[in-house]
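One structure is given here, and the rest of the page talks about it.
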Amino acid sequence: MVRVIAIFNVKGGVGKSTTTYNLGIGLARNNHQRVLLIDIDPQGNTGASLGIHVWELELQIKDLLQRKASLEEVILKTEQGVDLIPSNITLAEAEIPISGLPGRELLLKRAIAPLLDHYDYILIDCPPNIGVFAINALMASEEILVPVDMSYLGLIGISAINRTLEMVTTALDHSLTITGVLATRYDRRNNLSKEVFNSLGEYFGDRLLKTIIPETVKLREAPSFGQSIFDYDPKGRGAKAYQALVDEVTNQ
Ligand SMILES: Nc1ncnc2c1ncn2[C@@H]1O[C@H](COP(=O)(O)OP(=O)(O)OP(=O)(O)O)[C@@H](O)[C@H]1O
Ligand SMILES: [Mg+2]
């Protein structure tokens with residue numbers, strides 16, 4: 001059975017894209033899962049991190065949502081062993097026309113329905129807001145994985161996440177399982193990281209994942225080489241942490 005997981009947080013810069021592509025590539029390469037990554041953020045960071053020249057794309061998720069392209073036309077097979085439906089900045093220009101389409105919250109869910117038998121995992125990289133694209137990602141997903149960076153603002157962003165989940169479950173009548181809250185950008189030299197991590201544990205209990213993603217230079221550098229952390233620094237702390245995440249998610 002496929003697991004469709006939205007990687008979501010309304011806060012920017014918490015590691016959503018970093019988690020989407022490293023978790024996806026880890027699942028595909030190390031755990032032999034069939035993985036599709038979907039980038040529904042106009043920043044196009046998932047594709048760019050995989051070394052794809054996203055600004056040159058002729059067809060992308062925007063065209064799929066607007067029914068101007070077929071699934072076959074928008075899915076890219078990547079060298080890293082995952083498939084990808086990419087996006088770029090022109091997705092932002094299409095936000096208003098897409099918001100006016102009938103059934104606008106369900107465009108992605110309906111578009112990817114024929115794919116569900118073809119993959120073990122579909123991971124959706126969300127934009128850092130609660131607009132039509134994030135709602136489409138959440139409505140297309142059964143699960144949500146929430147990266148939270150180890151900052152005070154990261155912690156207070158939790159209430160915005162709760163509000164969004166409430167909106168999706170009540171107003172849009174769609175239930176989501178929480179895969180987990182993932183502590184990211186953890187700096188062991190910094191007391192704030194420990195404090196935020198402890199607060200997340202108190203708040204979320206066992207929904208806080210055991211895996212902790214450290215703040216490392218290698219994780220920051222890897223996208224500029226179009227590589228996952230498993231290629232860029234396979235023996236480092238970042239690769240170990242993302243493999244631990246792969247195992248933790250797989251074992252649920
Ligand atoms: N664990 C980490 N260690 C060091 N740098 C990191 C780590 N995680 C993410 N980064 C860097 O921080 C920046 C933001 O990360 P990322 O793009 O994954 O966040 P995001 O939540 O997807 O952001 P946005 O909300 O803008 O989409 C990037 O430059 C990324 O390389
Ligand atoms: Mg991102």
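The values are calculated or read from the model by the stated rules, or taken from the named source; none is laboratory data. Given the structure is predicted, the values throughout are model-derived calculations rather than measurements. So basically every Cβ, Gly included, is an ideal-geometry build from the backbone, and we count neighbours across all protein chains shown. Side chains included, ligands, DNA and RNA excluded: accessible areas come from the protein's heavy atoms. Shrake-Rupley method; radii C 1.70, N 1.55, O 1.52, S 1.80 Å.
Ignoring everything except DSSP H segments at least 4 long, calculate the 222 nm mean residue ellipticity for the chain; use -39,500 (n - 2.57) per segment, divide by total residues, nearest 500.
-10000 deg cm²/dmol
Okay, which of region 199-231 sit inside 13 Å, backbone N to the point 7 Å along the Cα-Cβ direction of R188?
212-216
Report M167's accessible area, 1.4 Å probe, all protein chains in place, as a number in Å² to the nearest 10.
70 Å²
Consider a paramagnetic label point 7 Å from the Cα of S199 along Cα→Cβ; state which residues of region 123-149 have an amide N under 19 Å from it.
Inside the label zone: 146-149.
Could you please tell me the mean projected area of the C-alpha convex hull for region 104-185, averaged over all directions and given in square nanometres to one decimal?
5.7 nm²
Give the Rg (one decimal place) followed by the Dmax (whole number) of region 130-171, computed from C-alpha coordinates and expressed in Å.
11.1, 31
Considering only I124, V249, S151, whose Cα is most displaced toward the positive end of the charge dipole of region 3-250, charges sitting on Cβ of Lys, Arg (+1) and Asp, Glu (-1)?
Value: S151.
For the chain, with a Gaussian network of springs between Cα atoms less than 10 Å apart, report the residue from L36, L176, L23 with the top mean-square fluctuation.
Its mean-square fluctuation being the largest, the pick is L176.
Can you tell me the FRET efficiency between V2 and D173 if r is taken as the Cβ-Cβ distance and R0 is 25 Å, rounded to the nearest 0.05?
Working from the Cβ atoms, E equals 0.70.
With a 1.4 Å probe and every protein chain left in place, tell me how much accessible area S159 has, in Å² to the nearest 10.
Looks like 80 Å² after rounding.
Size of the chain along its principal axes in angstrom, Cα-based, largest extent first?
In descending order, the Cα extents are 50, 40, 33 Å.
What do you reckon, how do E95, E143, E202 stack up by accessible area (1.4 Å probe), largest on top?
E202, E95, E143
Of the listed pairs K77/K235; K194/K235; K77/K218; K77/K109; K109/K218; K68/K218, which have alpha-carbon separations greater than 32 Å here?
In this structure, K109/K218; K68/K218 lie more than 32 Å apart at Cα.
If you roll a 1.4 angstrom probe over the protein chains with everything in place, what fraction of the accessible area of region 3-250 belongs to carbon and sulfur, to the nearest %?
Carbon-and-sulfur percentage of accessible area, whole number: 52.
Please get the size of the charge dipole for region 144-252, origin at its Cα centre, with Cβ charges of +1 on Lys and Arg and -1 on Asp and Glu, quoted in debye to the nearest 20.
Here the size comes out at about 360 debye.
What list of ³J(HN,Hα) values in whole Hz, one per residue of region 93-99 in order, does the Karplus curve 6.51 cos²θ - 1.76 cosθ + 1.60 (θ = phi - 60°) give from phi, with Gly and Pro shown as x?
5, 8, 4, 5, x, 5, 5
With each pseudo-label sitting 7 Å past Cα toward Cβ, what's the W55-K240 distance in nm, one decimal?
3.8 nm
For region 54-202, report the accessible area per residue in Å² (1.4 Å probe, heavy atoms, rounded to an integer).
49 Å²
Assuming R0 = 30 Å, what is the FRET efficiency of N31 and R110, from their Cβ-Cβ distance, to the nearest 0.05?
So, using R0 = 30 Å, E works out to roughly 0.55.
Taking the chain as a Gaussian network, where each spring joins two C-alpha atoms under 10 Å apart, which residue of E105, E72, E195 fluctuates the most?
Ranking E105, E72, E195 by mean-square fluctuation puts E72 first.
Taking the full set of protein chains and a 1.4 angstrom probe, give the accessible area of L165 in square angstrom, rounded to the nearest 10.
Per-residue accessible area (L165): approximately 30 Å².
Just to be sure I understand the curve: with the Debye formula and one point per C-alpha of region 1-144, what is log10 I(q)/I(0) at q = 0.13, 0.14, 0.21, 0.22 Å⁻¹?
Ignoring solvent entirely, the Cα scatterers give -0.48, -0.56, -1.41, -1.58.
Express in whole angstrom the spacing between the alpha-carbon centres of region 181-243 and region 13-91.
A separation of 22 Å, based on Cα centres.
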